[in-house]
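The next block holds one structure in the form of structure tokens; read it before the comments.
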Amino acid sequence: MKMLKRIQALKKKNNAIILAHYYQEPEIQDIADFVGDSLELSRRAAGTDADVILFCGVHFMAETAKIVNPDKKVIIPDLDAGCSLADSAPAKEFKDWISKYPNHIVISYINCTAEVKAMSDIICTSANAKKVIESVPKDKKIIFAPDRLLGKYLIKETGRDMVLWHGTCQVHEIFSERELVRLKVKYEKAKVLAHPECDENVLIHADFIGSTSALIKHVSQTNNKEYIIATEPGVIHQMLKQNPEKEFIPLPTNTGCACNKCPHMRLNTMEKILESLENMTHEITLDETLRIKALKPLNRMLEIV
Ligand code: SF4
């Protein structure tokens, strides 16, 4: 309680806003001014009139907030909060890769570094990827990075033949199909909700596939009582808040662990948030030329959706 009061007082003093991703611990989601997925958070970051944005998520998300908000101070509780997808595409390798595909439109999932964004034509999130791909004229070829599994799913959904980078999300790629089948037998009335970063062998069992916010919305808009959740279990906090009478069963990984939490997202803690607000750390800074280049494909995305 004392900590909460100090956080609130520091927020007021610094005119700061706390943005948190759905994969944060429930206590962090509850103190945030806004909780959302990548698309909602980038929109919210672009529209805030706060002087400081404390971003409770991973590095590429805070960096995106800085790209759209050059005049604001963007801070993150733990600088080590990375992402396996963003890390899979180092700038130099990415540059070499896209140079092999001249005349292709480069669509990059928002889970990438500012350098990769700057080399892309359009950015997308899992919430708008289909629309972004469909906005590209049919006679244009596309390369898609960095999530191979999301890319495979989108090829099926859109019928567009895309060249894919080889990255994966270390959380979503290890859900167990075997466990999913076992849970479907045990909870025979449960609906399976999956994020499109999951492997195809999990997605084929899904009753609904969608972005984090789409999954949360789907639960509130349907009458089922039980849901098996094939994404980071942080989303269950919002699902339960909105639907306390429903049951949510997190899908275990293929190592048998039922707690498939993103180790990067979960580096953020209440203690680190307080420290961040006290010291105005850790600040995200970007070279202005790079920022302007990375902003262009982000704006293209925001214009499409
Ligand atoms: S859940 Fe996956 S995609 Fe999201 S931050 Fe963690 S590693 Fe990256």
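Miscellaneous remarks
- Checking E40 against (1) crowded, with 22+ Cβ neighbours inside 10 Å; (2) within 13 Å of the chain's Cα centre (by Cα), the condition it does not meet: (1)
- Residue within the stretch 43-52 that is modelled with pLDDT of 95 or more and either in contact with a Ser or Thr (Cβ under 9 Å, 6 or more places away or on another chain) or among the basic types (K, R) (or both) present: no
- Unmet requirement for K156, which otherwise passes all of (1) in a helix (DSSP H, G or I); (2) under 15 Å from the mean Cα position of the chain (by Cα): (2)
- Options V132, V163; residue that is within 17 Å of the chain's Cα centre (by Cα), more than 23 Å from Q24 (Cα to Cα), away from the ligand (no atom under 16 Å from the Cβ) and surrounded by 16 or more Cβ atoms within 10 Å (Cβ to Cβ): V132
- Taking residues in the stretch 6-28 that are closer than 23 Å to C262 by Cβ and in a helix (DSSP H, G or I), and partners anywhere that are within 16 Å of the ligand (Cβ to nearest atom) and not aliphatic (A, V, I, L, M), the pairs with Cβ atoms closer than 7 Å and at least 6 places apart or on different chains are P26/H237; I28/C56; I28/N268.
- Among the residues of the stretch 44-86, just one is in contact with a Gly (Cβ under 8 Å, 6 or more places away or on another chain) and of a type in the set (D, E, K, R), namely R44.
- Of all the residues in the stretch 133-171, those that are within 30 Å of P252 (Cα to Cα), among the hydroxyl-bearing types (S, T, Y) and touching a residue at least 60 places away in the same chain (Cβ under 8 Å) number 1.
Here's the yes/no breakdown for (1) surrounded by 17 or more Cβ atoms within 10 Å (Cβ to Cβ); (2) away from the ligand (no atom under 13 Å from the Cβ); (3) at pLDDT below 95:
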residue	(1), (2), (3)
I174	yes, no, yes
H205	yes, yes, no
K217	no, yes, no
Q221	no, yes, no
N224	no, yes, no
E232	yes, no, no
Q238	yes, yes, no
E245	no, yes, no
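- So A190, is it crowded, with 18+ Cβ neighbours inside 10 Å and over 26 Å from L85 (Cα atoms): yes
- Positions within the stretch 53-81 being closer than 22 Å to C124 by Cα, of a type outside the set (A, V, I, L, M, F, W, C), in a loop (DSSP other than H, G, I, E, B) and modelled with pLDDT of 95 or more, in sequence order: G57
- Of the residues making up the stretch 190-229, those that are touching a Lys or Arg at 6+ places or on another chain (Cβ under 7 Å) and of a type in the set (D, E, K, R) are E200, D207, K225, E226.
- Filtered by the rule that a residue be of a type outside the set (A, V, I, L, M), touching a residue at least 24 places away in the same chain (Cβ under 8 Å), in a helix (DSSP H, G or I) and away from the ligand (no atom under 16 Å from the Cβ), the stretch 82-129 gives F94, K95, W97, E115.
- When the residues of the stretch 66-81 are filtered to those that are more than 15 Å from the ligand (Cβ to nearest atom) and under 24 Å from A129 (Cβ atoms), the one that is surrounded by the most Cβ atoms within 10 Å (Cβ to Cβ) is I67.
The values are calculated or read from the model by the stated rules, or taken from the named source; none is laboratory data. Just so you know, these numbers come straight off a predicted model, no measurement behind them. Cβ coordinates were reconstructed from backbone atoms using ideal geometry, including for glycine residues, and neighbour counts include every protein chain displayed.
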